[in-house]
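Heads up, the thing below is written out as structure tokens.
The values are calculated or read from the model by the stated rules, or taken from the named source; none is laboratory data. This is a predicted model, so every value here is computed, not measured. Cβ coordinates were reconstructed from backbone atoms using ideal geometry, including for glycine residues, and neighbour counts include every protein chain displayed.
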Amino acid sequence: MHVYKKINILSLGVVMFLTLLTTAGLAADDPEARAIMQKVEGRDEGDHRTADMEMILIDKRGKQRLRKIRSFRMDQGADTYSLMFFLHPADVKDTGFLTYDYDDPDRDDDQWLYLPALHKTKRIASSDKSGSFMGSDLNYSDMTSRDLQDYDYTFYKEKQKVIDGHKVWIIQSRPRSKAVIEETGYTKGILFVRQDNHVVVRSVSWEEKAGYTKWMQINRLERIDGIWVALDMQVIRRKGKQMVHKTILRFDNVRFNQDLEDALFTTRRLEKGL
Amino acid sequence: MIANMKAKSPFWVFLCLLVLTVTWYGRLDASDDIEMEPLMQGFDESGESLPAGEDNQSDDILSGFEDESQSEVIAETDLVESDYAVDGYAKFASAYNYAHNTPQAGETDWRGVSKLKSELYLELNAKLQTDWRFRFSGKGSYDGIYRINGYDEYTDDVRDNYETDLFLTETWLAGSPASSLDLKVGRQIVVWGKSDNLRITDVLNPLDLREPGLTDIEDLRLPVFMTRLDYYFGSWNLGGFWIHEIRYNQNPAFGSDFYPGDTPPPDQEDPDEGLGETEYALALSGTFSGWDMAFYYADIVNDAFRIENVSDSQIPELCLKHDRLDFYGTALNVAWGNWLLKAEAAYWEGFRYVNTEDEIFSRVDLLAGLEYAGFQDMTISLEVANRHVVDYDSRLEEFPDEIVADDTQSALRLTRSFMNEALEITVLAILYGSGRDDGALQRLSLDYDIDDAWRVRIGVVAYQAGDRPPFEHVEDNDRVFLDLKYSF
């Protein structure tokens, strides 16, 4: 399992595809679209959170693999600390990841990986976030909130729509620099933002690798302790119109405001395990 | 003719590849200008349009969210929370030697299948109470190739060392007697240092060197019984280690194709079975934003042997001895963007050699390494180490010591995952000597997850002979290997 990449805990609000990119050639920033994205960014995602995640990886032939992860997340000022442990499959059980995700865009995140088979905590250096997250169809940039200043936002020509009985805004995003494209792996995107709660319930993103797109949709969205949480979602990666791979993410035991201490987010804890 | 030469020239091949690459890159850039609409065409509508006036355009980007595959999603697997858990794996490992020459009479024929090994590993983990844990684990293996090929084909040493194995691996009790204190007692593995391929400061556990280049990295270190106490303060951790069990490196057995010679080794001095030889070690480790650092001290028995003449007469009588050494080390990691810098340094005191009798030598070991993770799903690392004997004496070059003043080692590792990490390819090259004059090995392996429990590994390892042991006679040992592992 290739894990030498940035791991940032899975924001339950699943920030993923939050700031995907948009078509070039369209007009630059639209203040109204940006205002909506600011509300998306400002949405309460909760703090001191624990959760269990199940990740089902399905290839184009239907072969399935299952990953189970227990995660912990805590805000530390503007920064976010997160810790996760693999529970399944057996050959990676007790593998742990610790991430300090700094709000300062000029500061590299700190990441450590503990591999029980090697009895070693290894520091991970990877500011590139375009690699697959744990073999899923998400990449590491999907797991982090982005700086809205890195993108231009405009409305798609079809400004709004109704999806599953909810009005959504359809917003296009486009990175303002090549560096952001290289870091995230996406060249453009479309976001479907629910108008009542500002959750991105669907998105399409175009990969830097020509011809590949990713389609994310939330299948189950619930309010837990007043915070909107995606409990079931899927991401389909396509080449043209053909599915290449699919990931289903399910969350369980999502709890906020838990009694998480600073000592949990340390390499000491990483090595001790759950 | 010129055209023909050009076609065959590596430069022109490179140029063609460059042009193709640039062209392809141009296509990538051009994709940024693709209009969305054509991409959206052909998708079925699955959303409900807003009333007229709110929704005045009809193209749709909704149905791409639908999954046209017919696969049934597997049921959720409930993991039962328990204070006890038994994990492990069963593994079948095989190897085929393809480079050996026809043996002479009386020699082992190493050609063809050289390993048909079944292995079972069991691990019991128990949570005793808050923050106290217990682990009991063991491993057993049987290699059927010796029975199949006939025991007469092999030396007794080979059969004793490779046919069957049964031993305790990690077996310990661990807990926190105080909030800033961790205690761990039992057979365990402690890894020091920041490097991943070469060992400069990772000195506490002996190694299994019976099959260089073939041993899985998780099996490389041999656990030893020790008491470990860690105190945490701020960003620092001070660890104390009392290593009660003295184990030595496991070397190739006499008669194996990795054994560097035609005669059996001298007898090895057995370690003290009591606590009289207990080793001591200290580690001070700091973890900071962007970098980590550690300082080490150890008073330990050398896991590697030296040869000593223990005879008082004219006829030499050799034995393998393990000296008590003092070790001082430091290790540093610095992360910068996609780069990880690794550096280690060590100073050893207490080496003795046959040719210099009672003279005691020191050694300075240095390592520098770089790791790059900026390519998608790929990591490349390069490490270079040098071990320098202080006040080197030219007599050390002679048999049986065969020690050089500067012993250089380099390792290059490339790991790339494919197919959403179902497949991982690793290339590892280790060179001994400043070129590869002291030997080298290259290993290519492919790990494929058949499903969550089954994994298959295939690979090839190739050796180049060198001037010094253990690479003097290994050039024929190239082999392909196939492992099948079931984890539970």
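Observations
- Among (1) more than 11 Å from chain B (Cβ to nearest Cβ); (2) in contact with a helix residue (DSSP H, G or I) (Cβ under 6 Å, 6 or more places away or on another chain); (3) not small (Gly, Ala, Ser) - the single one A:ARG194 does not satisfy: (2)
- Listed by position, the strands (runs of 3 or more DSSP E) contained in region B:279-364 that have at least 1 residues being closer than 21 Å to A:ILE124 by Cβ and among the aliphatic types (A, V, I, L, M) are B:291-301, B:324-336, B:339-352.
- Residues satisfying the stated conditions in region B:142-191, i.e. under 27 Å from the mean Cα position of the chain (by Cα), closer than 30 Å to B:TYR297 by Cα and not in a strand (DSSP E or B): B:ILE189, B:VAL190, B:VAL191
- Count - residues of region B:367-412 that are small (Gly, Ala, Ser) and out of contact with any strand residue (DSSP E or B) (no Cβ under 7 Å at 6 or more places or on another chain): 2
- Failed condition for B:THR108, given (1) β-branched (Val, Ile, Thr); (2) surrounded by fewer than 17 Cβ atoms within 10 Å (Cβ to Cβ); (3) touching a residue at least 60 places away in the same chain (Cβ under 8 Å): (2)
- Scanning region A:95-114 for residues that are closer than 30 Å to B:ASP219 by Cβ and more than 9 Å from chain B (Cβ to nearest Cβ) returns A:THR95, A:GLY96, A:PHE97, A:LEU98, A:THR99, A:LEU113, A:TYR114.
- Residues in region B:232-288 that are among the hydroxyl-bearing types (Ser, Thr, Tyr), more than 22 Å from B:ARG187 (Cα to Cα) and more than 14 Å from every other protein chain (Cβ to nearest Cβ): B:SER256, B:TYR259, B:THR263.
- Residues of region B:419-428 that are part of a strand (DSSP E or B) and either touching a His at 6+ places or on another chain (Cβ under 7 Å) or modelled with pLDDT under 95 (or both): B:GLU424 alone.
- Selection count, region A:165-206, where residues are free of Cβ contacts under 8 Å to residues at least 24 places away in the same chain and part of a strand (DSSP E or B): 1
- Tallying residues that are in contact (Cβ under 8 Å) with a residue 40 or more places away in the chain and among the acidic types (Asp, Glu) within region A:247-261 yields 2.
- Subset tally (residues that are away from chain B (no Cβ under 14 Å), surrounded by fewer than 20 Cβ atoms within 10 Å (Cβ to Cβ) and not in a loop (DSSP other than H, G, I, E, B)) for region A:143-164: 3
- Identity of the residue in region B:377-418, basic (Lys, Arg) and assigned to a strand (DSSP E or B), that ends up nearest to B:LEU366 (Cα to Cα): B:ARG387
- Residue match in region A:220-231 (condition: closer than 25 Å to B:ALA422 by Cα, surrounded by fewer than 21 Cβ atoms within 10 Å (Cβ to Cβ), aliphatic (A, V, I, L, M) and more than 15 Å from the chain's Cα centre (by Cα)): no
- Neighbours by Cβ (under 8 Å, 6+ apart or cross-chain): first from region B:461-488, farther than 18 Å from B:LEU444 by Cα; second part of a strand (DSSP E or B) and of a type in the set (Asp, Glu): B:SER487/B:ASP87; B:PHE488/B:ASP87
- Yes/no for B:ASP219 being within 13 Å of another protein chain (Cβ to nearest Cβ), of a type in the set (D, E, K, R) and part of a loop (DSSP other than H, G, I, E, B): no
- The single condition among (1) of a type outside the set (Val, Ile, Thr); (2) within 14 Å of chain A (Cβ to nearest Cβ); (3) in contact with a Pro (Cβ under 9 Å, 6 or more places away or on another chain) that B:TYR121 does not meet is (3).
- Each residue in region B:195-228 was checked for being free of Cβ contacts under 8 Å to residues at least 24 places away in the same chain and of a type in the set (A, V, I, L, M), and 2 pass.
- Positions within region B:420-441 being out of contact with any Phe, Trp or Tyr (no Cβ under 8 Å at 6 or more places or on another chain) and either small (Gly, Ala, Ser) or surrounded by 19 or more Cβ atoms within 10 Å (Cβ to Cβ) (or both), in sequence order: B:ASN420, B:GLU421, B:LEU428, B:ALA429, B:ILE430, B:LEU431, B:GLY433, B:SER434, B:GLY435
- Residues located in region B:396-419, provided they are in contact (Cβ under 8 Å) with a residue 12 or more places away in the chain, surrounded by fewer than 18 Cβ atoms within 10 Å (Cβ to Cβ) and either under 30 Å from A:ARG238 (Cβ atoms) or within 14 Å of chain A (Cβ to nearest Cβ) (or both): B:LEU414, B:ARG416, B:PHE418
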